[in-house]
Amino acid sequence: MSPLEHQYLLYLFVAYSAVWIVMFGFLYRMSQKARELEREVFLMRAYWDGLEEPRESPLPGDGGVPGPTV
Amino acid sequence: MARFRSWGLALLGAGMVAVLYLIFLGSPDDAVLGPSQRIFYVHMGAAAVAGVAYTITAAASLLYLGTRRLSFDQWAAASAEIGTAFTTMLLVSGVLWGRAAWGIWWTWDPRLTATVILWVLFMGYLMVRQWTDGRERRARVASVLALAAYVAVPIDYMTIRWWKSIHPVVMTSHGFNMAPSMVVAMFAAMAGMLLLFAAWMQIRLALMRVEWGMEDARNRMRGMGRR
């Protein structure tokens with residue numbers, strides 16, 4: 001390998017490493033974002049499950065909502 | 001788990017730079033091909049990931065058919081998607097290497113043809129997944145299709161051993177058909193790309209769970225609107 005070829009390979013290594021570091025940054029951000037979205041979907045599902053559970057009637061006589069007090 | 005994931009990502013980030021160093025500066029030139037030989041390391045890394053990815057797809061499909069657990073179908077789909085991306089990389093790097101080594105961009109050699117067939121089969125698998133409605137139905141159809149397509153993987157690996165091919169045989173029963181310093185770079189490239197595959201799988205699986213969660217929420221909202 002000639003010194004010039006070695007120099008070109010060095011440039012290629014630097015260029016590809018720079019591209020990789022940028023791509024890795026995106027990969028890291030995607031990983032964080034995916035985890036965040038997963039957590040939010042989990043919370044949303046828990047919320048929906050709570051909404052669909054049968055609730056006690058709040059009507060008077062059922063021991064539900066208390067009236068105004070002085 | 002979060003710490004393990006962070007360590008894995010850090011290892012991938014630094015490891016890939018080390019792999020690039022080995023490929024460009026740490027490995028010698030080939031006596032015939034000169035510096036063009038370096039395409040080979042990317043090619044072998046992509047081949048290793050494609051093989052592992054399709055094996056995971058086949059195993060997960062088999063597990064789905066056995067247990068009917070939809071999480072196995074998610075694994076199969078995610079792995080097939082990434083495997084197909086790496087097979088594309090395998091074909092592109094192979095074409096570039098072939099131009100440097102043989103002086104032609106393409107030839108209908110058994111290995112090259114078998115790899116194209118494998119790529120087409122898994123592209124078809126992904127299309128069928130897109131076109132099939134209903135999670136259970138899609139999983140059932142896709143699992144059978146994945147197992148059928150997987151037959152092409154061992155055939156693709158064995159083509160250069162069974163038939164006359166101009167494709168080089170690097171791994172033989174007597175050892176490696178290349179210089180030891182090249183073997184180190186080749187295995188480093190394979191390890192680096194497998195780590196990349198693992199990181200990509202983790203992201204894809206999380207996104208797939210999110211997609212399904214959103215789909216469920218949409219269906220629930222529609223159901224509530226009708227009540």
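The values are calculated or read from the model by the stated rules, or taken from the named source; none is laboratory data. Keep in mind it's a predicted model, so treat the numbers as computed, not measured. Neighbour counts run over all protein chains shown; Cβ positions are idealised from the backbone, glycine included. Ligands, DNA and RNA are stripped out before the accessible areas are found, and what is left, the full protein with its side chains, is counted by its heavy atoms. Shrake-Rupley method; radii C 1.70, N 1.55, O 1.52, S 1.80 Å.
The value obtained for the stretch B:79-137, namely the Cα convex hull volume divided by the number of residues, is 80 Å³ per residue.
Roughly speaking, to the nearest percent, how much of the protein assembly as shown's 1.4 Å accessible area is carbon and sulfur? Roughly 68 percent of what the probe reaches on the protein assembly as shown is carbon or sulfur.
Entry note, chain B: relative contact order of 30 percent, from Cα contacts under 8 Å with a spacing of 6+ residues. Computed from phi, the 3J(HN,Hα) profile of the stretch A:15-30 under the Karplus parametrisation 6.51, -1.76, 1.60 (θ = phi - 60°) reads 5, 5, 5, 4, 4, 4, 5, 5, 4, 5, x, 4, 4, 5, 5, 4 Hz, with x in place of Gly and Pro. Dipole orientation for chain B: of the candidates B:M158, B:L126, B:W105, B:L126 has the Cα lying most toward the positive pole (charges on Cβ; Lys, Arg +1; Asp, Glu -1).
On the principal axes of its alpha-carbon atoms, the stretch B:77-227 has extents of 70, 29, 28 Å, going from largest to smallest.
The listed residues A:V41, B:V52, B:V92 rank as B:V92, B:V52, A:V41 when sorted by accessible area, largest first, using a 1.4 Å probe. Taking Cα centre as origin and charging only the Cβ of basic (Lys, Arg, +1) and acidic (Asp, Glu, -1) residues, the dipole magnitude of the stretch A:1-54 rounds to 280 debye.
The residues of chain B present an accessible area of 51 Å² per residue when probed at 1.4 Å with all protein chains retained.
Calculation over all alpha carbon pairs of the stretch A:1-54 in 5 angstrom steps from 0 returns a P(r) of 4, 16, 10, 11, 9, 8, 8, 6, 7, 5, 5, 4, 3, 2, 1, 0 percent. In the full protein context, the stretch A:1-54 carries 78 Å² of accessible surface per residue, based on a 1.4 Å probe and ignoring ligands, DNA and RNA.
Please sort through the DSSP H helices of chain B and keep those with an alpha-carbon extent of at least 30 Å along the long axis and a Kyte-Doolittle average not below -1.0. Qualifying helices: B:39-67, B:70-102, B:110-131, B:180-226. Taking the Cα centre of the protein assembly as shown as reference, the dipole from Cβ charges on Lys and Arg (+1) and Asp and Glu (-1) amounts to some 420 debye. With R₀ fixed at 25 Å, the C-beta to C-beta distance from B:M158 to B:V120 puts the FRET efficiency at about 0.85.
Accessible area buried by the pairing of B and A, both sides summed with a 1.4 Å probe, works out to roughly 2700 Å².
Label positions at B:M224 and A:M44, each projected 7 Å from the Cα along the C-beta direction, are separated by 1.2 nm.
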